[in-house]
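Remarks on the structure that follows.
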Amino acid sequence: MYFLDTSVFINAYWFHYGFDFHPGFWEWLLHANRKGRVFSIDRVFEEILRKEDQLNRWAYTHKNEFFLGPPPDLNPQLDVIVDYLRRENYRDISIDEFSDSADVYLIAYALSSGFKVVTHEVHKSRKGKMKIPSVCKKLDVDCITPFEMLRREKVRFVWQPPE
């Protein structure tokens, strides 16, 4: 099962799976969500809402079923992540920035549930900037790309000739 990062939605919308030419991706997300396999979190929903566009409207339409609220007690997982960041000697401002983002909550949800985190982020980054895959790796949380998720789920988008 998977938790999707904001980057999955934004990159899908703007680059890979636009609603106008690739509705199958969005239909599959909803199908996988109904099967209990794919979700995101309320913090990702809030990030998507920052821009008024078709993605914003899609997210708002599917808010209740797709974007989960926090589990009853997420604080132990959040503490594990922040403790790791402090041990790695990240600057306080970087830790604060990461702690206020959806990223830390996404990882905490995955720690509490055993879900995989799905993101377009990569390990490499500028010095002092935390990235989801790097933090996940250190905390033994599975982190994969959207393309890996689609392959694992054996998703096939088949071209249909226009009528």
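Computed from the coordinates by the stated procedures, all read-outs in this text should not be read as laboratory data. The structure presented is a predicted model; accordingly, all values stated were derived computationally and were not measured. Neighbour counts run over all protein chains shown; Cβ positions are idealised from the backbone, glycine included.
Step through the residues of region 29-46 one at a time and calculate ³J(HN,Hα) from phi using the Karplus curve (6.51 cos²θ - 1.76 cosθ + 1.60, θ = phi - 60°), rounding each to whole Hz and writing x for Gly and Pro.
4, 5, 4, 5, 5, 4, 7, x, 9, 10, 9, 9, 10, 4, 5, 5, 3, 4
Can you work out the Karplus-derived ³J(HN,Hα) for every residue in region 86-102? Use 6.51 cos²θ - 1.76 cosθ + 1.60 with θ = phi - 60°, whole Hz, and x for glycine or proline.
Ordered by residue, 3J(HN,Hα) equals 5, 5, 7, 6, 5, 5, 4, 5, 5, 5, 4, 4, 5, 5, 8, 8, 5 Hz.
Take Phe21, project a point 7 Å from its Cα along the Cβ direction, then tell me which residues of region 149-163 have their backbone nitrogen under 20 Å from it.
156-163
Please go through region 91-162 and write out the GluC sites (Glu not before Pro) that DSSP classes as loop and that have at most 16 other C-beta atoms within 10 Å.
Numbers: sites: Glu97, Glu121, Glu148, Glu153; in loops: Glu121, Glu153.
Hits after loop and neighbour filter: Glu153.
For Leu68, enumerate residues with amide H under 5 Å from its amide H, sequence gap 5+ or separate chain, H modeled in the peptide plane.
Those qualifying (amide H under 5 Å, at least 5 residues apart or on another chain) are Ser40, Ile41, Asp42.
Rg/Rh for region 72-163 to two decimals, with Rh computed the Kirkwood way over all alpha-carbon pairs. Can you show the working numbers first?
On the way: Rg = 16.2 Å, Rh = 14.6 Å.
Ratio of gyration radius to Kirkwood radius: 1.11.
Want the number for His123 to Trp14: 0.36 nm per residue separation, take away the alpha-carbon distance, what's left?
On the way: separation 109, 0.36 × 109 = 39.24 nm, distance 2.22 nm.
The span from His123 to Trp14 would gain 37.0 nm if fully extended.
Among the trypsin sites (Lys or Arg not before Pro) in region 59-137, which ones are in a DSSP loop with at most 16 other Cβ atoms within 10 Å of the Cβ? Mind listing them? Intermediate values should be presented prior to the final figure.
Details: sites: Lys63, Arg86, Arg87, Arg91, Lys116, Lys124, Arg126, Lys127, Lys129, Lys131, Lys137; in loops: Arg91, Lys124, Arg126, Lys127, Lys129, Lys131.
Sites meeting the loop and neighbour criteria: Arg91, Lys124, Arg126, Lys127, Lys129.
For region 5-57, how big is the tail of P(r) above 14 Å, as a whole percent of Cα pairs?
Values: 768 of 1378 pairs.
Roughly 56 percent, rounded to a whole number.
Run the numbers on region 2-152 and let me know its relative contact order in percent, using alpha-carbon pairs under 8 Å that are six or more apart.
Values: 183 pairs, mean separation 39.1, N = 151.
It rounds to 26 percent for region 2-152.
Treating only the Cβ atoms of Lys and Arg (+1) and Asp and Glu (-1) as charged, compute the dipole magnitude of the chain about its Cα centre; round to the nearest 20 debye. Provide the component values of the computation, followed by the final result.
Values: 23 positive and 24 negative charges, 117 e Å.
In total the dipole reaches around 560 debye.
Determine, for Arg50, Arg152, the number of other Cβ atoms within 10 Å of each Cβ, and report the residues in order from fewest to most. Walk me through the numbers before you get to the answer.
Values: Arg50 8, Arg152 11.
Taking fewest neighbouring Cβ atoms as first place, the list is Arg50, Arg152.
Quickly work out the Arg34-to-Thr145 label distance, labels modelled 7 Å from Cα along the C-beta direction, and quote it in nm with one decimal.
Result for the modelled spin labels: 3.0 nm.
Which one of Val80, His62, Leu49 is farthest out on the positive end of the charge dipole of region 2-152, using unit charges on Cβ (Lys, Arg +1; Asp, Glu -1) and the Cα centre as origin?
Of the options given, the answer is Val80.
Quick one: compute a quarter of the convex hull surface over the Cα atoms of region 54-113 and quote it in nm². If you can, show how the numbers build up before the last one.
Numbers: hull surface 20.1 nm².
For region 54-113, averaging the hull's shadow over all directions gives 5.0 nm².
What's the lysine pair count for region 56-148 at a Cα cut-off below 25 Å, pairs eight or more apart or interchain?
The result is 12.
Antiparallel DSSP bridges in the chain: what percent, to the nearest 5?
On the way: 0 of 9 bridges.
Around 0 percent of the beta bridges assigned by DSSP in the chain are antiparallel ones.
What is the set of long-range amide H partners of Lys131 at a cut-off below 5 Å, with H atoms built 1.01 Å from backbone N?
Here nothing satisfies the definition.
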